[in-house]
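The values are calculated or read from the model by the stated rules, or taken from the named source; none is laboratory data. This one's a predicted model, so the numbers in the text were calculated from it and none came from an experiment. Cβ sites come from the backbone with ideal geometry, for glycine too, and all protein chains shown count toward neighbours.
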Amino acid sequence: MTSKGKPSPRSAVQPLSNEQVRQLGQCHHLVDPTLQPPIPGRTPNMAEIEVQHPKGTRRLLAGVSVVMRLHSKVRAWGLENIPETGVFITAASHVTMYDVFVPMMTLFHMGRRPRFMAKAELANWPVLGKWFRLVGVQPVPRRSGKARVIEEESIGILTGGRPLTIWPEGTLTRDPLKWPMSMKDGIGVIALEASRRLGRQVPLFCAVTWGAASINLWLPWPRKNVVMCYDAQLDYSDLLVDMTQWGAEPPLELADELARRVRARMETVMAEIRGEQPPAEGYWDFRTMSRKPRE
């Protein structure tokens, strides 16, 4: 921290300290999400497990869990918020590529098999691309001009009975200090329209991960602390009051507002994990590549 209490540029990549993890442990019940199950008493959703290429999924999950343990000491809280049944949306933070695997591994260990919206390039990765396709990654061709088609496919996943995980920033955060940046309004469109079609609010949860930015994948020792919070359900019922009167799709201002709420909640949770406050100047806006005052 600087003398004025603002985070210094180096603080964005400093390892998450043992002392900070200890303090988090005093406020929350931290568990190891690399274990199966991370918390006892859960009933795995066998219907999802059986249709999600169980053999390939099991192998990928085992491999990811081993890599996580080798490179980091992962802890999490809030996993009791993950529903055992029914559809829901997970909006995950995206500081590093490591952050893709933390919520994925956790949800799988908790007995759920969501589909994942991820950049189409992942499906072409050697070896891993095949596994990604097996475990339900929905390729998203970025800058393709097909945003509405992608949103419709995602809405169909939810109305078809499967949960969905989204990284709503659309790419790794461009914030130099590694805070959540502006969100794509697609998260709002998907949640609102799926809720309208189902006639009820689709549960939406923020999953925020911090600590992986300091990991050197070539020199894994000493292992770094990584902490994830699977937050309580984010309420947006007020945005659904007039949903029967919408036109072909939800009003853009409502989608933008829900995306804003997701970013704000992620920022609040990440501040607790990091033990520091986000920049007072505002959040990082991807369109202008500069900070904007918070609404």
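Can Pro37 be described as in a loop (DSSP other than H, G, I, E, B), more than 23 Å from Ala212 (Cβ to Cβ) and modelled with pLDDT of 90 or more?
For Pro37, the condition - in a loop (DSSP other than H, G, I, E, B), more than 23 Å from Ala212 (Cβ to Cβ) and modelled with pLDDT of 90 or more - is not met.
Which of the residues belonging to the range 158-172 are assigned to a loop (DSSP other than H, G, I, E, B), surrounded by 23 or more Cβ atoms within 10 Å (Cβ to Cβ) and not charged (D, E, K, R)?
Within the range 158-172, Pro163, Trp167, Pro168 meet the criteria.
Take the residues of the range 193-214 that are of a type outside the set (A, V, I, L, M, F, W, C) and surrounded by 23 or more Cβ atoms within 10 Å (Cβ to Cβ): which is farthest from Asp256 (Cα to Cα)?
So the residue we want is Gly211.
One residue is enough: does the range 75-92 have a residue meeting the conditions modelled with pLDDT under 95 and on the phi < 0 side of the Ramachandran plot?
Looking for residues that are modelled with pLDDT under 95 and on the phi < 0 side of the Ramachandran plot, one finds none in the range 75-92, hence no.
Any idea how many residues of the range 173-192 are among the small types (Gly, Ala, Ser) and crowded, with 24+ Cβ neighbours inside 10 Å?
Number satisfying all stated conditions: 2.
Would you confirm whether or not the range 188-206 contains a residue that is closer than 29 Å to Arg22 by Cβ, touching a residue at least 60 places away in the same chain (Cβ under 8 Å) and either small (Gly, Ala, Ser) or touching a Pro at 6+ places or on another chain (Cβ under 8 Å) (or both)?
Taking every residue of the range 188-206 in turn, none turns out to be closer than 29 Å to Arg22 by Cβ, touching a residue at least 60 places away in the same chain (Cβ under 8 Å) and either small (Gly, Ala, Ser) or touching a Pro at 6+ places or on another chain (Cβ under 8 Å) (or both).
Can you tell me which residue among Met183, Met228 is over 21 Å from Glu153 (Cα atoms), in contact (Cβ under 8 Å) with a residue 60 or more places away in the chain and of a type outside the set (Phe, Trp, Tyr)?
Met228
With Arg200, Arg196 as the choices, which residue is more than 21 Å from Val100 (Cα to Cα), in a helix (DSSP H, G or I) and at pLDDT 95 or above?
Arg196
Restricting the range 243-279 to residues that are among the acidic types (Asp, Glu), over 18 Å from Asp175 (Cβ atoms) and touching a helix residue (DSSP H, G or I) at 6+ places or on another chain (Cβ under 9 Å), which is surrounded by the most Cβ atoms within 10 Å (Cβ to Cβ)?
Glu257
Pairs, please: C-beta under 7 Å, at least 6 apart or cross-chain, first residue closer than 14 Å to Pro176 by Cα and in a loop (DSSP other than H, G, I, E, B) and in the range 266-283, second of a type outside the set (A, V, I, L, M, F, W, C) and modelled with pLDDT of 95 or more?
Pairs that qualify, where the first residue is closer than 14 Å to Pro176 by Cα and in a loop (DSSP other than H, G, I, E, B) and the partner is of a type outside the set (A, V, I, L, M, F, W, C) and modelled with pLDDT of 95 or more, are Pro278/Glu267; Pro279/Arg291; Glu281/Arg291; Gly282/Arg291; Gly282/Lys292; Gly282/Pro293.
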